[in-house]
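For reference, the structure discussed in these notes is given below.
The values are calculated or read from the model by the stated rules, or taken from the named source; none is laboratory data. Everything numeric here is computed off the predicted structure, so don't read it as measured data. All Cβ positions, even for glycine, are placed from backbone atoms using ideal geometry, and neighbour counts span all protein chains on display.
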Amino acid sequence: MQENESEEQKIHNRCEKWKSILLESSPLLTFLMDEMKKAGAPLHKKFISCAPCGPDRAGGFAPKYGIVLCENQLVSSDHVEDTLAHELIHAYDNATVQLDWSSPTHLACTEIRAANLSRECAFTREVRRGHFSIAKQHQRCVKRRAVLGLMQAGHSKEVAEESIRVVWDKCFHDTAPFDEIY
Ligand SMILES: [Zn+2]
């Protein structure tokens, strides 16, 4: 029991350490934090927490509680960076547009943006997941990840796919606060 506790503590500390270092040094994350400040909705670090989660997610965002990094799922600094960027896009959207989190099309839009802009669909990440074809790979990845996001929020696959189809053009091309996809 004692050993288990210290292992859990180690995993927690590792996540906190990656978080602190990345919030200081990652150009992507510092840019997003700055943009939230500029939008009048600065996100204090205490609203980004490391906690254990179930096996199906790497992170989460809830307007009331802020961002959770799933410390037991995050195995590298890169993974923490992608996950934090994804959740920061949700936090940014929550701060800048009237988001109704119970609406599947609203959720579809912010999931498309989070998958598109966080680099989680960057080619190297995709290859690591075993997806090798290059043509349209990025868009397919964004769609697939957005479907997962909606399903994690409790929507069926059918509702997820249909909601994503409806808002795709508008939300895939909405790259705020970035000028364009880098
Ligand atoms: Zn998401």
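Here residue 68 fulfils each of the conditions (1) touching a residue at least 24 places away in the same chain (Cβ under 8 Å); (2) crowded, with 17+ Cβ neighbours inside 10 Å; (3) under 19 Å from residue 150 (Cα atoms) apart from (1). Scanning segment 1-56 for residues that are of a type in the set (Gly, Ala, Ser) and not in a strand (DSSP E or B) gives 6, 20, 25, 26, 39, 40, 41, 54. Regarding residue 22, is this residue within 30 Å of residue 165 (Cα to Cα) and touching a Ser or Thr at 6+ places or on another chain (Cβ under 9 Å)? The answer is no for residue 22.
Rundown of residues vs (1) away from the ligand (no atom under 11 Å from the Cβ); (2) buried (at least 21 other Cβ atoms within 10 Å of the Cβ); (3) in a loop (DSSP other than H, G, I, E, B); (4) among the aromatic types (Phe, Trp, Tyr), yes/no style:
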| site | (1), (2), (3), (4) |
| --- | --- |
| 80 | yes, yes, no, no |
| 84 | yes, yes, no, no |
| 87 | no, yes, no, no |
| 105 | yes, no, no, no |
| 115 | no, yes, no, no |
| 168 | yes, no, no, yes |
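No other residue among 91, 85, 62 is among the hydrophobic types (A, V, I, L, M, F, W, C) and closer than 20 Å to residue 151 by Cβ apart from 62. The residue list 135, 122 contains one member that is modelled with pLDDT under 95, closer than 19 Å to residue 80 by Cβ, away from the ligand (no atom under 11 Å from the Cβ) and surrounded by fewer than 22 Cβ atoms within 10 Å (Cβ to Cβ), which is 122. Restricting 100, 93, 56 to those that are surrounded by fewer than 16 Cβ atoms within 10 Å (Cβ to Cβ) and either within 14 Å of the ligand (Cβ to nearest atom) or over 27 Å from residue 166 (Cα atoms) (or both) reduces the list to 56. Of everything listed in (1) out of contact with any helix residue (DSSP H, G or I) (no Cβ under 9 Å at 6 or more places or on another chain); (2) modelled with pLDDT of 95 or more; (3) not aliphatic (A, V, I, L, M), the single unmet condition for residue 64 is (2).
Taking (1) of a type in the set (Lys, Arg); (2) within 16 Å of the ligand (Cβ to nearest atom); (3) farther than 23 Å from residue 142 by Cβ in turn, residue 17 satisfies each apart from (2).
When 99, 150 are checked against the criterion of being in contact (Cβ under 8 Å) with a residue 40 or more places away in the chain and among the hydrophobic types (A, V, I, L, M, F, W, C), 150 stands alone in meeting it.
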